[in-house]
Amino acid sequence: MIEGSWSGAGSWLLLTSQGMPHVAAHIWLIAVLAAATGLLSTLALYRSLKIGAVSIAAPIAATFGAVTTTLGIVESEMPGAIMLVGPS
């Protein structure tokens with residue numbers, strides 16, 4: 001958790017030192033909502049691992065990649081050949 005915070009802080013410092021690009025307000029809103037959703041889902045995962053069986057919580061959390069890929073394909077974003085094969 002701390003490592004992610006430091007990398008985020010480093011990214012923020014890099015952006016502000018070089019000048020922030022102009023981004024529309026609705027894009028910022030989407031970014032903030034996405035970040036909040038990611039934070040809440042991580043907290044929910046940690047909570048489920050704390051109070052429940054790992055054998056139930058872990059497979060549900062592991063479906064993230066499949067769901068993301070499926071949503072991308074539904075939106076007509078086909079992954080490349082290397083992405084389909086996966087890391088070697």
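Solvent-free Debye calculation, one equal scatterer per alpha-carbon of segment 24-81: log10 I(q)/I(0) at 0.19 Å⁻¹ equals -0.87.
Placing pseudo-labels 7 Å out from each Cα toward the beta carbon at THR68 and ALA34 gives an inter-label distance of 1.1 nm.
Each residue, TYR46 and ALA25, gets one label point 7 Å from its Cα in the Cβ direction; the gap between the two is 3.3 nm.
Across segment 55-70, rounded Karplus estimates of 3J(HN,Hα) from the backbone phi angles (6.51 cos²θ - 1.76 cosθ + 1.60, θ = phi - 60°) give 5, 9, 6, 5, x, 5, 5, 6, 7, 3, x, 5, 5, 4, 4, 4 Hz, Gly and Pro being marked x.
Here, each number is a calculation from the coordinates, and none is a lab measurement. This is a predicted model, so every value here is computed, not measured. No Cβ is skipped: glycine too gets one built from the backbone with ideal geometry, and neighbour counts run over all protein chains shown.
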